[in-house]
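Reading through the structure tokens given below for one structure.
Rule-based calculations on the coordinates, nothing more; no lab input. Quick caveat, the model's predicted, so the values are computed rather than measured. Cβ sites come from the backbone with ideal geometry, for glycine too, and all protein chains shown count toward neighbours.
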Amino acid sequence: MIGAAAFGFIERCGSHRCSTDLLKDILTSSRLLGFEHLIFSGVPVGGQKLAPMVELMGWPQGWFERYCEKEHSRSDAVCIYSAKSRFPFNWDEIPECWTGTPESKLVHDEATEFGIRSGFAVPMHAFKHWQSVLSFASGQLRCNMSEHEKSLLVTMAIYAGMSIEAFIYGEREVDPLTERQKEVLLWAAEGKSAWDVSVILGISEATVRKHEKAAREALGVSTTIQAVVEAIRLRAIHP
């Protein structure tokens, strides 16, 4: 039954035309595995705010508002580990160096007030953000899934991410960078400083930094190095 529900969701992914329909569908399917809530978003790094990075919001009413108001993403072990891990993980598999801090424990305790006690996270690369994660949440004390069930959930998450990217492609060009921004990032990839690039291109250092900032914003990252890596991944530049 679980397998049929998962593959049914995968088959329907391409037919969804908005994130609301996608959210309803994946919530219905993931409930069969014991997950009542989820969030799909970019992973905040370097002081980024969570709210503008959210693509699917299926958290309990009130929890998202409190989470953002208190900037819990700075100390939430799930959020922090999602930026570091390339592989899916149960929340209780996160090393204690991140779960054991007073700040992280506070986030966990407050989450339980809203019926969130355990979960399973699927980090992934995405077009819009440096790193994204689809995090499933449960009111159960532990997530007891077989490896097969985990594989089904990961596959569902990947297809949900692909659907989100399809929505984005419908709203913006696949290549989000201007030619000058690409040029600046190419020189940054060669290890050139903003001053070096200004000399090479015959423009001011301030203008170079302006192009770097615009490229970071267009790619949804916080540093120029991340922008270089993301631009290469998107095949926008070819060092």
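For this structure, a couple of remarks:
- Volume per residue that the Cα convex hull of region 60-126 spans, once the total is divided by residue count, Å³: 93 Å³
- Taken as entire DSSP H runs, the helices of the chain that both span 27 Å or more between Cα atoms along their own long axis and average -0.5 or more on the Kyte-Doolittle scale are 147-169.
- Annotation: lysines with alpha-carbon distance below 22 angstrom to LYS210 (same-chain offsets under eight excluded): LYS49, LYS128, LYS182, LYS192.
- With each label modelled as a point 7 angstrom along the Cα→C-beta vector, the ASP175-THR207 pair spans 2.2 nm.
- Residue of LEU33, LEU153, LEU141 that the Gaussian network model of the chain assigns the largest fluctuation, springs spanning Cα pairs under 10 Å: LEU141
- The calculated Kirkwood hydrodynamic radius for region 179-233 is 10.7 Å, given to one decimal from all distinct C-alpha pairs.
- Normalised contact order of the chain, rounded percent, pairs of Cα under 8 Å and 6 or more residues apart: 19 percent
- One quarter of the surface of the convex hull around the alpha-carbon atoms of region 1-99 equals 7.4 nm², the direction-averaged projected area.
- Separation of the MET57 and ASP92 label points, Cα + 7 Å toward Cβ, nm: 3.1 nm
- When you filter the trypsin sites (Lys or Arg not before Pro) in region 132-212 for DSSP loop state and at most 11 other Cβ atoms inside 10 Å of their Cβ, you are left with ARG172.
- Computed over the alpha carbons of region 2-169, Rg followed by Dmax gives 14.8, 44 Å.
- Cα-projected label distance for VAL199 with LEU106, points at 7 Å along beta-carbon direction, nm: 4.8 nm
- Alpha-carbon Debye profile of region 132-239, log10 I(q)/I(0) at 0.11, 0.13, 0.15 Å⁻¹: -0.50, -0.62, -0.72
- Sites matching GluC sites (Glu not before Pro) across region 157-239 that sit in DSSP coil, with at most 10 neighbouring C-beta atoms within 10 Å: GLU171, GLU173
- Within region 101-119, backbone nitrogen closer than 17 Å to the virtual label 7 Å beyond the Cα of LYS70 toward Cβ: 101-118
- Sparse-neighbour loop sites [trypsin sites (Lys or Arg not before Pro); region 48-110; at most 12 other C-beta within 10 Å; DSSP]: LYS49, ARG86
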